[in-house]
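Please treat every number below as a calculation from the coordinates, not as lab data. Please read all numbers here as calculations on a predicted model, not as lab measurements. Cβ: placed from backbone, ideal geometry, glycine included. Neighbour counts: every protein chain shown.
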Amino acid sequence: MSGNFHLTILGSSSATPTSNRNPSGQYLNFIDRNILIDCGEGTQSQIRRYKLKLTKIEHIFISHLHGDHYFGLPGLLSSLHLLNQTHEVHLYCFKELKEILEQIFKYSDTYLRYRLVYHFLDPKRPEVIFEDDKIQVSSFPLKHRIACCGFIFREKPSLLSVKKDMIELYKLSPHDIVKIKNGEDFLDEEGNLVKNQHLTHAPNPLLSYAYCSDTVYDELLAEILYNVSLLYHEATFCNDQKERAEVTFHSTAEQAALIAKKAQVEQLLIGHFSSRYKDTGVFVQEAKAVFEKTFLAEEGKTFVL
Ligand SMILES: [Zn+2]
Ligand SMILES: [Zn+2]
């Protein structure tokens, strides 16, 4: 794979699977980290269908405990055991999911040969839930019928790269180069200050991906989602079912687009379509009227940044 961001959609349906749509699931390869976001029924079959690596998954994020977002998880975790998975798997979820899984494993006499490490989400406030040298992941509360969290995956800034001609011009020592890579300015022999921007290549813009699982329209989200490279926002209904969206704590395609516009994101993905719509064309049509760079998060599509 080239690029630092590959997102494959495994499911785009809300509530029930249909003959051509699966419930929520997304496989994200982000700077060589393999991540699963939500795990509706059939997710592991979808991972195989799209030739993604089940045993490479290191982190699993579950937004909430409605079945269309995690009913595939016990099966997937037990398959990892059968496939001789040995590395740790980190599961980010509400604490109740641990109880549910332990009951299932107990009564099905399932034993996992690998370590499953739980990290519990806070349904009340945003927090950083994972961080390493390359990426940072935060969760934030969404407004849904039950506790629900969205996730933001952010690339962390890496060291700056120093221009070759500047190394020669100022006869930079390895010690100077380390400092400049870390963003410091430089004092030349005559004591003149040379600004860091003059010595280094402009850094690439940092990638970010926000996943807004089930949520009612909530303008306040725009602040937390501000300027992300790619936003996934649920769009369960179209405008004909606007009232139903509100009552069930879901959003319409137009509302997802309004959030994208307010948050000034670069691109928008919409999914979690109600099975009452046979044709998804109307979702993209309504969203594009508000936010042009909208795409359908449909099964098998891969988005590369
Ligand atoms: Zn759902
Ligand atoms: Zn839900």
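Taking only the Cα atoms of segment 48-157, how large is their convex hull per residue, in Å³?
123 Å³
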Which of the pairs K56/K98; K156/K301; K51/K106; K56/K301 have their Cα atoms more than 28 Å apart in this structure?
-> K51/K106
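Quick check for me: using +1 on Lys/Arg Cβ and -1 on Asp/Glu Cβ, what's the dipole size of the chain about its Cα centre, in debye to the nearest 20? Provide the component values of the computation, followed by the final result.
On the way: 34 positive and 39 negative charges, 158 e Å.
That gives a dipole near 760 debye.
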Sequence-distant lysines (8 or more away, or on other chains) whose Cα lies within less than 18 Å of K124 | K95, K143
CD proxy, 222 nm, the chain: helix-only mean residue ellipticity via -39,500 (n - 2.57) per DSSP H run with n ≥ 4, per residue, nearest 500, stands at -6500 deg cm²/dmol
From phi via Karplus (6.51, -1.76, 1.60), per-residue ³J(HN,Hα) for segment 25-31 in Hz, x at Gly/Pro = x, 9, 10, 10, 9, 10, 6
Derived scalar couplings ³J(HN,Hα) [segment 173-182; Karplus, 6.51 cos²θ - 1.76 cosθ + 1.60; whole Hz; x for Gly, Pro] = 7, x, 5, 4, 4, 4, 5, 5, 4, 8
So how far, in whole Å, is the C-alpha centre of segment 49-68 from the one of segment 246-291?
-> 23 Å
Could you bin all the Cα-Cα distances of the chain into 10 Å bins starting at 0 and give me the percent of pairs in each, rounded to whole numbers?
-> 6, 26, 30, 19, 11, 6, 2, 0
So how tilted is helix 73-82 from the main axis of the chain? Cα-based, degrees 0 to 90, rounded to 10.
-> 70 degrees
Along segment 212-218, Karplus-curve 3J(HN,Hα) (6.51, -1.76, 1.60; θ = phi - 60°) to the nearest Hz, with x for Gly and Pro, reads 9, 6, 4, 7, 6, 4, 9
